[in-house]
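What follows is one structure encoded as structure tokens, with my remarks underneath.
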Amino acid sequence: MQNRGALWIFTILLALACLWQLSFSFFTSRMEKRARVEAGYSVDSLIQAEPAKADLDRDSLEIIFENRYLRTHGDEKVYPVFGYSYAECKEREMNMGLDLKGGMAVTLEVSVPELVENLSGNSTDPSFLTAMDAARQRMLSSDADFITLFGEEYAKVQ
């Protein structure tokens with residue numbers, strides 16, 4: 001533990017670098033929260049002024065007003081110490097993927113018979129092809145998985 005001081009210095013510098021990067025996300029999210037509140041007020045006043053527009057999609061209107069607010073206030077200084085504008089902070093903030101923002105989930109579905117066929121190198125072996133066809137036919141009427149059925153059929157052919 002001879003370099004304990006150096007270790008603490010690097011730890012503190014790393015923590016400061018992390019806080020620096022996260023600070024941009026903090027200030028942009030604060031501005032976006034303010035924009036959402038203002039957009040809500042704008043939609044409410046629009047609906048009160050023109051009750052016929054109450055049947056419009058409220059979410060779409062809020063997005064429109066929120067984007068308008070962010071565009072008009074994009075040059076406003078939101079980082080108090082260093083004087084960065086919202087647009088500059090938005091460029092420097094940590095990018096969160098859609099999975100972190102709750103935006104998108106993707107499910108990949110794989111055809112097991114096609115996977116087995118591709119893993120075999122598209123084999124032309126007659127016993128392999130016979131077992132594949134028989135397993136596909138049995139899969140239509142069985143609850144067992146394709147790999148089990150294929151294994152049984154291939155054992156019969158061999």
Quiz item: What is the distance, in nm, between label points placed 7 Å from the Cα along the Cα-to-Cβ direction at E32 and at I147?
Solution: 4.1 nm
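Could you state, as a whole-number percent, how many of the C-alpha pairs of region 1-90 are farther apart than 20 Å? Don't jump to the answer; show the numbers that get you there.
Numbers: 2161 of 4005 pairs.
Within region 1-90, distances greater than 20 Å cover 54 percent of Cα pairs.
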Quiz item: If you take the beta carbon distance between F82 and K53 as r and set R0 to 30 Å, what does 1/(1 + (r/R0)^6) give as a FRET efficiency, to the nearest 0.05?
Solution: 0.10
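Within the chain, which is the longest segment containing none of the GluC sites (Glu not before Pro) that sit in a DSSP loop and have at most 15 other Cβ atoms within 10 Å? Please report the intermediate quantities before stating the final value.
Numbers: sites that count: E76, E109.
In short, 1-75.
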Self-check item: Angle in degrees between helix 4-49 and the longest Cα principal axis of the chain, rounded to the nearest 10
Solution: 80 degrees
Practice problem: At 0.36 nm per residue, minus the direct Cα-Cα distance, what do T124 and K156 gain on full extension? Give it in nm, one decimal, please. | Solution: 9.7 nm
Quiz item: Can you list the residues, at least 5 places off or on another chain, whose amide H is less than 5 Å from the amide H of V78, using H built in the peptide plane?
Solution: Y84, S85, Y86
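Restricting attention to region 61-91, which chymotrypsin sites (Phe, Trp or Tyr not before Pro) occupy a DSSP loop and are surrounded by at most 16 other Cβ atoms within 10 Å?
Sites meeting the loop and neighbour criteria: F82.
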Quiz prompt | Simple label model, 7 Å out from Cα along Cβ direction - L46 to S111, nm | solution = 4.7 nm
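For the chain, what value does the Rg/Rh ratio take when both radii are computed over Cα atoms and Rh is the Kirkwood radius, given to two decimals?
Radius of gyration over Kirkwood radius for the chain works out to 1.34.
Run the numbers for Q21 and H73: contour at 0.36 nm per residue of separation, minus the present Cα-Cα distance, in nm. Don't jump to the answer; show the numbers that get you there.
Numbers: separation 52, 0.36 × 52 = 18.72 nm, distance 2.21 nm.
Fully extending the segment from Q21 to H73 adds 16.5 nm.
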Practice problem: Using the number of other C-beta atoms within 10 angstrom as an exposure proxy, rank T11, T28 with the fewest first. | Solution: T11, T28
Quiz item: So how many Lys-Lys pairs in the chain land under 22 Å Cα to Cα, not counting same-chain pairs under 8 apart?
Solution: 5
Exercise. Enumerate the calculated ³J(HN,Hα) couplings along region 62-67 in order (Karplus 6.51 cos²θ - 1.76 cosθ + 1.60, θ = phi - 60°), each rounded to whole Hz, writing x wherever the residue is Gly or Pro.
Key: 5, 5, 4, 5, 5, 5
Quiz prompt | Karplus-derived 3J(HN,Hα), 6.51/-1.76/1.60, for each residue of region 139-144, Hz, glycine and proline x | solution = 5, 5, 10, 10, 8, 6
Quiz item: For T124, T148, what ranking results if the residue with the fewest other Cβ atoms within 10 Å of its Cβ goes first?
Solution: T124, T148
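Read the figures in this text as sums done on the coordinates, not as results from a lab. All values reported here derive from a predicted model rather than from experimental measurement. Every residue, glycine as well, gets a Cβ built from its backbone with ideal geometry; the counts of neighbours run over all protein chains shown.
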